[in-house]
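The values are calculated or read from the model by the stated rules, or taken from the named source; none is laboratory data. Computed from a predicted structure; not experimentally measured. Backbone-built Cβ (ideal geometry, glycine too); neighbour counts: all protein chains shown.
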Amino acid sequence: MELTPRDPSKQQSEPILLRPHHLLCTQGYSGKGYDAAFVEHMDRIVHRLRTEEATPIRLTFSTDELCSRCPNKLGEDHCSTNEKVKAFDAKTAECFHLEEKTYIYQDLVKEIQKNATPEMMDYICGDCQWAPISSCKKNITGK
């Protein structure tokens with residue numbers, strides 16, 4: 001996916017740090033989570049991503065803003081499900097040609113929705129504990 005990063009000097013707010021697979025999670029999120037603190041934090045971040053016109057995000061292959069309230073987080077770049085989470089990130093980056101850099105969330109989501117297939121979503125999210133109760137696949141692919 002060839003998206004040109006926006007000029008960071010022209011951005012109005014600090015980028016939200018997001019790992020690649022969280023680009024998918026934020027599209028399918030429906031108010032469920034590990035605990036109340038996680039849900040409250042996720043609600044706030046997802047609301048911003050869904051309502052702001054041009055939200056800068058910085059992709060990272062490490063813990064991010066959403067991880068900050070996850071009960072599985074054990075430290076920076078380390079959680080109790082590290083292998084699985086790193087695999088989700090690698091598969092997302094592979095399918096959508098993502099790099100660690102700054103993007104505009106809304107532009108990236110449009111590209112993901114344009115290029116994603118149900119098979120890609122199964123490949124990326126097949127082991128996700130939230131897949132059976134989320135709307136990720138439907139919201140992203142329309143199927």
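Across region 122-136, the qualifying residues are those that are part of a helix (DSSP H, G or I) and more than 13 Å from the chain's Cα centre (by Cα), and the one among them that is nearest to GLU14 (Cα to Cα) is ALA131.
Rundown of residues vs (1) over 18 Å from ARG44 (Cβ atoms); (2) not aliphatic (A, V, I, L, M), yes/no style:
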{"position": "THR60", "(1), (2)": "yes, yes"}
{"position": "CYS70", "(1), (2)": "no, yes"}
{"position": "VAL85", "(1), (2)": "yes, no"}
{"position": "GLU99", "(1), (2)": "yes, yes"}
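For region 130-142, the count of residues that are touching a helix residue (DSSP H, G or I) at 6+ places or on another chain (Cβ under 6 Å) and farther than 21 Å from GLY33 by Cα is at least one. Screening region 88-114 for residues that are loosely packed, with under 13 Cβ neighbours inside 10 Å and part of a helix (DSSP H, G or I) and picking the one that is farthest from the chain's Cα centre (by Cα) gives LYS114.
Every condition in (1) exposed (fewer than 14 other Cβ atoms within 10 Å of the Cβ); (2) hydrophobic (A, V, I, L, M, F, W, C); (3) modelled with pLDDT of 95 or more is met by ILE16 except one, and the failing one is (1).
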